[in-house]
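Okay, so here's the structure we're looking at.
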Amino acid sequence: MRKVLALTIVLAFLHVNAHATNIWLSTVGAVGGGVTIEAPAVEVMDSGELFIWARPDEGQTLLNISLNLRTTTQGAIDLTGVSVLNPVVGASTALGKDYVRYEYRLDSDAELPYWVAPKSNPSRLDGFGGYSVFGLDVIGVGFGPNTVATDPWFDAAANAWLVGSVSYDVTGAPGATTELFLQIGAQGITDTNLNSPTVNIVFGNSSDPPLNAEANRGVNSATADATIMVVIPEPSAVVLAVLGMLGLAAHGLGRRR
């Protein structure tokens, strides 16, 4: 009886996760780069980027998307900005307007009031993403099945869209570690019917319980979506850097002579 009950619970859990959008962080930032759903553990020595990918639930198009990113430990890295991709995915000859992912993009490259950057706390980025409302200058269509053939940031092998990237600076000493958590932002995530309650999100590990885009805004996943550890440069890298500096110095001395 216990085995039957346990199997029922597992099957129910798998059924729930089978109907959810996956959004995750990755070190892969190119279409065709072999991206897979993961919760990466990354060793870093300097500034860098992590990339955000999404795979909408089967048959679902995400029209509006609002995300947060948190680090759990201050003093390892500082989040410095976020870039959200907003490609042209078609054009309406009747209306004379381009179709794009979002009518309005919210990131660190946007102008006020859509500009997003760490404020007094470099361990968090809030409310980045994109949304469409009026269709005045362009028409936002989101991303999903209807843009598979036209969105340049769709990876057919992974069945996923590159959403954007997050940049960071290393501020901690070697050994400093932080976990990263993606969250549903304050504006939620909607499908083409402008519904948040019908959108469920699994961040990072695909086995994590899904979060509802209406009820679970600002909530961390059950497990971290990425881990970053600051490491010491390998001796070979240090040697190469020193040799490079010596070479530049010798070149400068030679020119003076």
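Flag set for Ile52, criterion: β-branched (Val, Ile, Thr), surrounded by 22 or more Cβ atoms within 10 Å (Cβ to Cβ) and either at pLDDT 95 or above or not in a strand (DSSP E or B) (or both). Checking each residue in segment 193-207 for being in a loop (DSSP other than H, G, I, E, B) and within 10 Å of Trp24 (Cβ to Cβ) picks out Gly204, Asn205, Ser206. Does at least one position in segment 74-93 carry a residue that is hydroxyl-bearing (Ser, Thr, Tyr), touching a residue at least 40 places away in the same chain (Cβ under 8 Å) and in a loop (DSSP other than H, G, I, E, B)? Checked segment 74-93: no residue is hydroxyl-bearing (Ser, Thr, Tyr), touching a residue at least 40 places away in the same chain (Cβ under 8 Å) and in a loop (DSSP other than H, G, I, E, B).
The rows are residues; the columns are (1) polar (S, T, N, Q); (2) over 28 Å from Glu38 (Cβ atoms).
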{"position": "Glu103", "(1), (2)": "no, yes"}
{"position": "Leu106", "(1), (2)": "no, no"}
{"position": "Asn121", "(1), (2)": "yes, no"}
{"position": "Arg124", "(1), (2)": "no, no"}
{"position": "Tyr131", "(1), (2)": "no, no"}
{"position": "Val138", "(1), (2)": "no, yes"}
{"position": "Thr147", "(1), (2)": "yes, no"}
{"position": "Pro152", "(1), (2)": "no, no"}
{"position": "Ala156", "(1), (2)": "no, no"}
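Checked against the criterion of being in a loop (DSSP other than H, G, I, E, B), surrounded by fewer than 22 Cβ atoms within 10 Å (Cβ to Cβ) and without any contact (Cβ under 8 Å) to a residue 24 or more places away in the chain, segment 173-192 has no qualifying residue.
Residues in segment 98-117 that are among the acidic types (Asp, Glu) and touching a Ser or Thr at 6+ places or on another chain (Cβ under 9 Å) were compared, and the one that is nearest to Thr147 (Cα to Cα) is Asp98. Applying the criterion of being under 18 Å from the mean Cα position of the chain (by Cα) and of a type in the set (D, E, K, R) to the residues of segment 197-233, the residue that is nearest to Leu63 (Cα to Cα) is Arg217. Taken over segment 71-89, the criterion of being within 11 Å of Glu179 (Cβ to Cβ), modelled with pLDDT of 95 or more and surrounded by fewer than 20 Cβ atoms within 10 Å (Cβ to Cβ) is satisfied by Thr72 alone.
The values are calculated or read from the model by the stated rules, or taken from the named source; none is laboratory data. Keep in mind it's a predicted model, so treat the numbers as computed, not measured. Quick reminder, even Gly has a Cβ in these numbers, built from the backbone with ideal geometry, and neighbours come from all protein chains shown.
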